[in-house]
Amino acid sequence: MKILAVSDYIDPLRCDLPADRAFSGMQLIVSCGDLPPDYLSALSKAFDAPLYYIRGNHDIRYEASPPGNCINIHAQIVPFADLTILGLEGSHWYNGRPLQYTEAQMRQTIRYLRPQLRRYTRLDMIITHAAPRHIHDTEDPCHRGFQSYRRLIDRYRPRYFLHGHIHRRFTDPSERITRLGRTQVINCSGYYLLEFENDNE
């Protein structure tokens with residue numbers, strides 16, 4: 001299964017993703033936040049693929065103008081084909097504006113999800129804006145990751161944890177990835193093409 005993950009900025013070198021053969025047969029698009037809503041709508045239309053998103057800390061505009069034909073999966077566990085996907089929006093609290101969460105608030109959001117989590121035998125993918133604490137994050141309050149995400153990874157061992165928020169450009173796709181046990185934590189700034197093989201473990 002081919003999954004396109006996008007986040008934070010539109011890569012000017014790859015605005016023509018649908019025209020690239022490597023991206024043919026795309027089955028799902030996920031957004032890790034901080035992208036214009038019309039860009040998400042255009043991607044979904046160009047690939048004729050469903051698009052799941054969570055909002056980043058700068059996506060306040062989505063309240064008035066959400067991306068068309070795209071699905072907000074914040075604080076939900078959603079099935080797609082053989083996958084189960086969890087979405088969590090926003091960044092660490094830093095100035096009190098919307099879409100920012102303290103560690104305690106994010107922990108409470110995850111606690112609220114436990115009844116849903118119990119209904120699934122596994123969790124394949126987590127999509128967030130912020131990074132897990134001490135993986136790809138930085139020490140300034142805005143870009144600090146969530147410790148509660150580390151606990152999610154430790155407990156549910158998803159195959160993939162996709163995030164944005166930490167702006168970097170990469171010369172090789174492997175530079176985006178940090179492995180934590182069986183979980184690949186992937187910085188999806190710009191875009192990342194994931195070819196997913198479900199092992200049904």
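The values are calculated or read from the model by the stated rules, or taken from the named source; none is laboratory data. Quick caveat: nothing in here was measured; it's all calculated off a predicted structure. Here the Cβ positions follow ideal geometry from the backbone for every residue, glycine too, while neighbour counts run over all protein chains shown.
Pull out all pairs, ordered by first then second residue, where Cβ-Cβ is under 6 Å, the residues are six or more apart or on different chains, the first lies in segment 170-191 and is in contact (Cβ under 8 Å) with a residue 24 or more places away in the chain and surrounded by 20 or more Cβ atoms within 10 Å (Cβ to Cβ), and the second is part of a loop (DSSP other than H, G, I, E, B) and among the hydrophobic types (A, V, I, L, M, F, W, C).
If the second residue must be part of a loop (DSSP other than H, G, I, E, B) and among the hydrophobic types (A, V, I, L, M, F, W, C), the pairs left are Val185/Ile135; Asn187/Ile166; Cys188/Cys32.
Here are some conditions: (1) among the hydrophobic types (A, V, I, L, M, F, W, C); (2) in contact with a helix residue (DSSP H, G or I) (Cβ under 7 Å, 6 or more places away or on another chain); (3) at negative phi; (4) surrounded by fewer than 19 Cβ atoms within 10 Å (Cβ to Cβ). Cys70 meets all but one. Which one does it not meet?
(4)
Could we say that His167 is within 15 Å of the chain's Cα centre (by Cα), exposed (fewer than 15 other Cβ atoms within 10 Å of the Cβ), touching a residue at least 24 places away in the same chain (Cβ under 8 Å) and outside any helix (DSSP H, G or I) here?
Values: within 15 Å of the chain's Cα centre (by Cα): yes; exposed (fewer than 15 other Cβ atoms within 10 Å of the Cβ): yes; touching a residue at least 24 places away in the same chain (Cβ under 8 Å): yes; outside any helix (DSSP H, G or I): yes.
So His167 fits the description; yes.
Any residue in segment 104-112 that is among the aliphatic types (A, V, I, L, M), over 19 Å from Arg55 (Cβ atoms) and crowded, with 18+ Cβ neighbours inside 10 Å?
The answer is no; no qualifying residue exists.
(1) within 19 Å of Ser31 (Cβ to Cβ); (2) surrounded by 15 or more Cβ atoms within 10 Å (Cβ to Cβ): which one isn't true of Pro98, the others all being true?
(2)
Suppose we filter segment 134-154 for residues that are in contact with a helix residue (DSSP H, G or I) (Cβ under 7 Å, 6 or more places away or on another chain) and either at pLDDT below 95 or hydrophobic (A, V, I, L, M, F, W, C) (or both); how many remain? Walk me through how you get there before you give the answer.
As a first pass, look at segment 134-154 and keep what is in contact with a helix residue (DSSP H, G or I) (Cβ under 7 Å, 6 or more places away or on another chain): 137, 146-148, 152.
Still in the running and either at pLDDT below 95 or hydrophobic (A, V, I, L, M, F, W, C) (or both): 146, 152.
Matching residues across segment 134-154 total 2.
Conditions tested, residue by residue: (1) in contact with a Phe, Trp or Tyr (Cβ under 7 Å, 6 or more places away or on another chain); (2) surrounded by 14 or more Cβ atoms within 10 Å (Cβ to Cβ); (3) under 12 Å from Ser189 (Cα atoms).
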| site | (1), (2), (3) |
| --- | --- |
| Pro115 | no, no, no |
| Met125 | yes, yes, no |
| Asp137 | no, yes, no |
| Cys142 | yes, yes, no |
| Arg150 | no, yes, no |
| Arg157 | no, yes, no |
| Phe161 | no, yes, no |
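Only one of Asp34, Asp16 is at pLDDT 95 or above and acidic (Asp, Glu). Can you tell me which? Let's see the steps before the verdict.
Working: Asp16 fails: at pLDDT 95 or above.
From the options Asp34, Asp16, the qualifying one is Asp34.
Just to verify a result, which residue in segment 117-163, among those that are of a type in the set (A, V, I, L, M, F, W, C), in contact with a Ser or Thr (Cβ under 7 Å, 6 or more places away or on another chain) and part of a helix (DSSP H, G or I), is farthest from Leu86 (Cα to Cα)? Full working, then the answer.
Here is the first cut: in segment 117-163, the residues of a type in the set (A, V, I, L, M, F, W, C) are 117, 123, 125-127, 130-131, 135, 142, 146, 152-153, 161-162.
Filter once more, so that each one left must be in contact with a Ser or Thr (Cβ under 7 Å, 6 or more places away or on another chain): 123, 130, 135, 142, 153, 161.
Those left that are additionally part of a helix (DSSP H, G or I): 142, 153.
Values: Cys142: 22, Ile153: 12 Å.
That would be Cys142.
Take the residues of segment 157-179 that are among the hydroxyl-bearing types (Ser, Thr, Tyr) and at pLDDT 95 or above: which is farthest from Val30 (Cα to Cα)? Let's see the steps before the verdict.
Residues of segment 157-179 that are among the hydroxyl-bearing types (Ser, Thr, Tyr), as a first pass: 160, 171, 174, 178.
This time we only want the ones that are at pLDDT 95 or above, so: 160, 178.
Working: Tyr160: 13, Thr178: 19 Å.
Among those residues, the one meeting the criterion is Thr178.
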